[in-house]
Amino acid sequence: MLASLQNPLALAARALIALLFIPAGFAKIGGFAGTAGYIAAMGVPFPELCAAIAIVVELGLGLTLLVGWQARWSALAIAVFTVVITFIFHAFWNVPAEQVMQQQQAFFKNIAVVGGLLAIAAFGPGAWSLDARRGQETGALAHA
């Protein structure tokens, strides 16, 4: 029974994960100065460049993940991005005691999202994707 749901579930997985990134990318465009300021406040160098990279990853790669174009590579790139930003912005071991639980939840939520992204990278976007329509859905990452 689950095999018959594989493609709708793969689409739902891509859509739900993309829903986390695409609106965040749009919000960063609208609030670019604030985003860059927050990045700078966290001690990250080149905050404007980092904000632009975040927009490209969240909005650009989020959209490619959603439609399933180069989905394996998109998922892998978003996963790497998410791991990096998680250690920078949710370092629960470096915050005051009253912030630990909130930052720890955000940290592990992001790590769980990385798990979903890695599953898409490993198993592909499913038949309901642009990659499948182009005949690139199956095979190893090197063939995607």
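The values are calculated or read from the model by the stated rules, or taken from the named source; none is laboratory data. On a predicted model such as this, the values are computed, not experimentally measured, just so you know. Cβ placement follows ideal geometry from the backbone for every residue including glycine, while neighbour counts extend to all protein chains displayed. Accessible surface is based on the protein model in full, side chains and every heavy atom, while ligands, DNA and RNA are left aside. Shrake-Rupley method; radii C 1.70, N 1.55, O 1.52, S 1.80 Å.
Look at (1) open to solvent by 40 Å² or more (accessible area, probe 1.4 Å); (2) touching a Lys or Arg at 6+ places or on another chain (Cβ under 9 Å) and you find that PHE87 fails only one, number (2). Taken as a whole, the structure leaves GLN70 outside the set of residues that are within 23 Å of PRO8 (Cβ to Cβ), more than 20 Å from the chain's Cα centre (by Cα) and open to solvent by less than 70 Å² (accessible area, probe 1.4 Å).
Please go through the range 90-115 and give me each residue that is among the β-branched types (Val, Ile, Thr), without any contact (Cβ under 8 Å) to a residue 40 or more places away in the chain and open to solvent by less than 50 Å² (accessible area, probe 1.4 Å), ordered by number.
Within the range 90-115, VAL95, VAL100, VAL114 meet the criteria.
Considering the range 13-28, the residues that are surrounded by 15 or more Cβ atoms within 10 Å (Cβ to Cβ) and not small (Gly, Ala, Ser) include one that is farthest from ALA75 (Cα to Cα), namely LYS28. Among the listed residues ALA36, ALA54, ALA10, ALA75, identify the single one that is over 27 Å from ALA127 (Cα atoms), of a type outside the set (Phe, Trp, Tyr), crowded, with 18+ Cβ neighbours inside 10 Å and touching a residue at least 24 places away in the same chain (Cβ under 8 Å). Exactly one of ALA36, ALA54, ALA10, ALA75 is over 27 Å from ALA127 (Cα atoms), of a type outside the set (Phe, Trp, Tyr), crowded, with 18+ Cβ neighbours inside 10 Å and touching a residue at least 24 places away in the same chain (Cβ under 8 Å), namely ALA54. Total residues in the range 98-137 satisfying the condition of being touching a Pro at 6+ places or on another chain (Cβ under 9 Å), at negative phi and assigned to a loop (DSSP other than H, G, I, E, B): the figure is 2.
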